[in-house]
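Here's the structure, in structure tokens; my notes come after.
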Amino acid sequence: MNQFGGSWTEAKMEIVVSYARAYLVIMSKQRWAKTLYFDGFAGSGLIGSDKTADLKKGTALRIMDITNPKPFDIYYFVELDERYKQALQANIDKNYFGRNAHVVKDDCNVKLLAMADFLRKSPDHRALAFIDPYGMSVNWQSIESLKGLGIDVWILVPTGLGVNRLLKRNARIPAAWMKKLEAFLGLSEQEIMERFYKKQPVTTLFGEETHVEKEKDAIIKIGELYRSRLNEVFDYVSDSFVMRNATQSIMYHFMMATNNASALKIANDVIKPKYKI
Ligand SMILES: C[S@@+](CC[C@H](N)C(=O)[O-])C[C@H]1O[C@@H](n2cnc3c(N)ncnc32)[C@H](O)[C@@H]1O
């Protein structure tokens, strides 16, 4: 069982499931196309909270439940934790027998690259991907590998909970953190520093010094940056569903990237009613 909660978790699942339903309606009319659902951080299939014993279906099983007008032709679930992988596998074997569903224990990055390779060789396949990490586990290189492919990608970007925490206010970012930022954003240290820090000359007792100050509204700027990075790989990127905690601090931006204009419209329509959450 995965433990996490909040109405935004539910909203995020509803967004992906609503989008998948609309996606399958459209794809059911494209008879030539085989549909693949890829979940890079699939979980155990069930989610619950520490406070109650109630368990509910996670996104993976909710997606498996869609059969009208048709299910996906192939499901590919990636989960790094062996126990969660086995729990999801057991649930699918028991309740969704006969579906073409694969559950693998691996790092999402490895399988994103493998999927990109598969889609490049399989022009009759169209994919919908859900990338739902807790932190900054997705390398920019993995996202970049999807360029030019028939895939729509919903991605949870840890703008507040991840990137912003590594961008230290005093600009003294430890080397390991900078490496993580570079891998996640696909930018060099210099580009990252230029985007998020302002240099100002200040006159001190000992003469001119350079004062480095972190940009205001950094979390919003991280969301905008990731969106524009996605736009270098995909033709369109949706609006973001911005997830906040109880004190209204931004934790994540959730957005969809695609090469299809109709898909963009559906994604924006699906996100809109969730804005107030
Ligand atoms: C937010 S939870 C997934 C929830 C699920 N998407 C849902 O909506 O029901 C993230 C999951 O990713 C797994 N995970 C963490 N790092 C991973 C990685 N690098 N590759 C694949 N799975 C990973 C964790 O074990 C955890 O089960």
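The values are calculated or read from the model by the stated rules, or taken from the named source; none is laboratory data. Given the structure is predicted, the values throughout are model-derived calculations rather than measurements. All Cβ positions, even for glycine, are placed from backbone atoms using ideal geometry, and neighbour counts span all protein chains on display. Only protein heavy atoms, including side chains, enter the accessible area calculation; ligands, DNA and RNA are left aside. Shrake-Rupley method; radii C 1.70, N 1.55, O 1.52, S 1.80 Å.
In debye to the nearest 20, how big a dipole does the chain give about its Cα centre with +1 on each Lys and Arg Cβ and -1 on each Asp and Glu Cβ?
Values: 39 positive and 32 negative charges, 109 e Å.
Computed charge dipole of the chain: roughly 520 debye.
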*Given a 1.4 Å probe and every protein chain left where it sits, what share in percent of the accessible area of region 162-260 is carbon and sulfur?*
48
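With every protein chain present, what is the per residue accessible area of region 87-147 (1.4 Å probe, Å²)?
Averaged over the residues of region 87-147, the accessible area is 49 Å².
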*In whole Å, largest first, what are the principal axis extents of the Cα atoms in region 23-121?*
46, 31, 22
*How big is the chain by the Kirkwood estimate over distinct Cα pairs, in Å?*
19.9
*How large is the charge dipole for region 119-277, taken about the Cα centre, if only the Cβ atoms of Lys, Arg (+1) and Asp, Glu (-1) carry charge, to the nearest 20 debye?*
380
*Let me know the longest stretch in the chain that avoids all chymotrypsin sites (Phe, Trp or Tyr not before Pro) found in a DSSP loop with at most 16 other C-beta atoms within 10 Å.*
135-205
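What value, in deg cm²/dmol to 500, does the helix sum -39500 (n - 2.57) over DSSP H runs of n ≥ 4 give at 222 nm once divided by the residues of the chain? Mind showing how you got there, number by number?
Details: 9 runs with 106 residues, N = 277.
Taking each H run of at least 4 residues, the total per residue is -12000 deg cm²/dmol.
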_5 Å is the cut-off here: which amide hydrogens, built 1.01 Å from N in the peptide plane, fall below it relative to G186, excluding neighbours closer than 5 in sequence?_
W140
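Under 8 Å for C-alpha pairs, at least 6 residues apart: give me the relative contact order for region 27-88, rounded to a whole percent.
Details: 77 pairs, mean separation 28.2, N = 62.
Relative CO of region 27-88 lands at 46 percent.
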*In sequence order, calculated HN-Hα J values of region 33-42 (Karplus, 6.51, -1.76, 1.60; Hz; x Gly/Pro)*: 8, 9, 9, 10, 9, 10, 10, x, 9, 6
*Name the residues whose placed amide hydrogens come within less than 5 Å of the amide hydrogen of A101, ignoring near sequence neighbours (fewer than 5 apart) on the same chain.*
Y75
*Given 5 Å bins starting at zero, what is the percent of C-alpha pairs of region 186-232 in each, up to the one with the largest pair distance?*
5, 18, 20, 22, 12, 9, 7, 4, 2, 1
*Of the options I26, N259, L112, report the single residue whose Cα projects farthest towards the positive end of the charge dipole of the chain (beta-carbon charges: Lys, Arg +1; Asp, Glu -1).*
I26
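Using DSSP H assignments, which helices in the chain have an axial alpha-carbon span of 27 Å or above and a mean Kyte-Doolittle hydropathy of -1.0 or higher? Don't skip to the answer; put the middle values down first.
Numbers: long enough: 7-27 (30 Å, 0.64).
Those that pass (Cα extent of 27 Å or more, hydropathy at least -1.0) are 7-27.
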*For region 196-277, just list the percent of Cα-Cα distances falling in each 10 Å bin from zero outward, please.*
16, 33, 24, 14, 9, 4, 0
*So what's the net charge close to R62: Lys and Arg +1, Asp and Glu -1, counting the other residues with Cβ under 15 Å from its Cβ?*
0
*asked:* Based on Cα coordinates alone, diagonalise the gyration tensor for region 63-197, multiply each eigenvalue by 5, take square roots, and list the semi-axes in whole Å, largest first.
replied: 34, 18, 12
*Any chance you could look up the accessible area of R21 with a 1.4 Å probe, heavy atoms only, rounded to 10 Å²?*
120
